[in-house]
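Take a look at the structure below.
Readers should treat all values here as calculations from the given coordinates under stated rules, not as data from a laboratory. None of these values were measured; they are calculated from a predicted model. Methodologically, a virtual Cβ is constructed for each residue, glycine included, from the backbone with ideal geometry; neighbour enumeration extends over all protein chains shown.
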């Protein structure tokens with residue numbers, strides 16, 4: 001029976017689980033399309049906000065399912081990545097490290113819900129952003145055949161303030177959502 005379908009203790013047959021997950025999937029897709037192109041090929045988007053909001057709101061289990069679904073939809077050809085891009089070539093391209101970095105980001109944002117110590121919570125939230133950026137920096141460095149410092153200066157440093165503001169806005173916004 002469909003009501004017995006479970007994924008690691010997340011009952012996906014329950015509509016109270018599916019609806020918020022679908023809403024966040026749609027939200028990521030929309031936030032991916034709000035872009036400001038840059039010469040590096042890595043655009044400014046609202047994805048960081050939506051990924052963090054999803055992690056804080058859904059937790060790491062449901063958030064992981066949604067981000068994996070997002071990535072799989074893109075790999076399968078749906079134009080869900082920034083600027084309506086898609087395919088495995090995007091995940092293996094200059095923005096792909098950030099896309100893969102969304103996985104640890106959503107997990108760490110979700111896990112931060114379990115931390116009671118404010119300092120520990122803040123550190124985990126910042127670590128989530130750091131992990132996303134590390135994946136992006138390393139993949140960009142490899143693909144563009146440049147050193148890590150140059151890669152950081154091109155595709156991470158210009159985004160850090162916006163991304164830090166985004167994750168903390170997402171944290172406070174998640175406190176107003178009831179999922």
note = Helix 118-144 sits off the longest principal axis of the Cα atoms of the chain, rounded to the nearest 10 on a 0 to 90 degree scale, by 50 degrees
query = Which order do 48, 149 fall in if you start with the one that has the fewest other Cβ atoms within 10 Å?
reply = 149, 48
ask   = Looking only at 46, 25, 38, which one moves most when the chain is put into a Gaussian network model with springs between Cα atoms under 10 Å?
value = 38
ask   = For 109, 76, 31, what's the fewest-to-most ordering of other Cβ within 10 Å of each Cβ?
value = 76, 31, 109
ask   = What are the radius of gyration and Dmax of the range 31-87, computed over its Cα atoms and given in Å?
value = 12.0, 36
ask   = What spacing in nm lies between the two simple spin-label points modelled at residue 162 and residue 84, each 7 Å away from Cα in the Cβ direction?
value = 2.1 nm
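How do 86-95, 55-64 rank on mean C-beta neighbours within 10 Å, highest first?
On the way: 86-95: 16.8, 55-64: 23.2.
Going by the mean number of other Cβ atoms within 10 Å, highest first, we get 55-64, 86-95.
How many percent of the alpha carbon pairs in the chain exceed a separation of 26 Å? Before the final figure, lay out the partial values.
Numbers: 4467 of 15931 pairs.
That fraction is 28 percent.
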key: Inter-label distance for residue 33 and residue 145, nm, one decimal - labels placed 7 Å from Cα along Cα-to-Cβ   = 3.7 nm
key: Degrees between helix 47-75 axis and first principal axis of the chain (Cα, 0 to 90, nearest 10)   = 70 degrees
Debye log10 I(q)/I(0) at q = 0.14, 0.21 Å⁻¹ for the range 71-155, Cα point scatterers = -0.55, -0.93
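Treat the count of other C-beta atoms within 10 Å as a stand-in for reagent exposure and order 28, 19, 36, 51 from fewest to most. Working shown, then result.
On the way: 28 26, 19 11, 36 7, 51 31.
If I rank by nearby Cβ atoms, fewest first, I get 36, 19, 28, 51.
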key: Angle in degrees between helix 160-174 and the longest Cα principal axis of the chain, rounded to the nearest 10   = 10 degrees
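Provide the gained length on full extension for the span residue 123 to residue 22, in nm with one decimal, where the gain is 0.36 nm per separating residue minus the Cα-Cα distance. Walk me through the intermediate numbers first.
Details: separation 101, 0.36 × 101 = 36.36 nm, distance 2.89 nm.
In short, 33.5 nm is gained.
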Sorted largest first, extent of the range 121-179 alpha carbons per principal axis (Å) = 45, 19, 17
note = Computed over the range 2-174, the relative contact order (Cα-Cα under 8 Å, seq sep at least six) in percent reads 22 percent
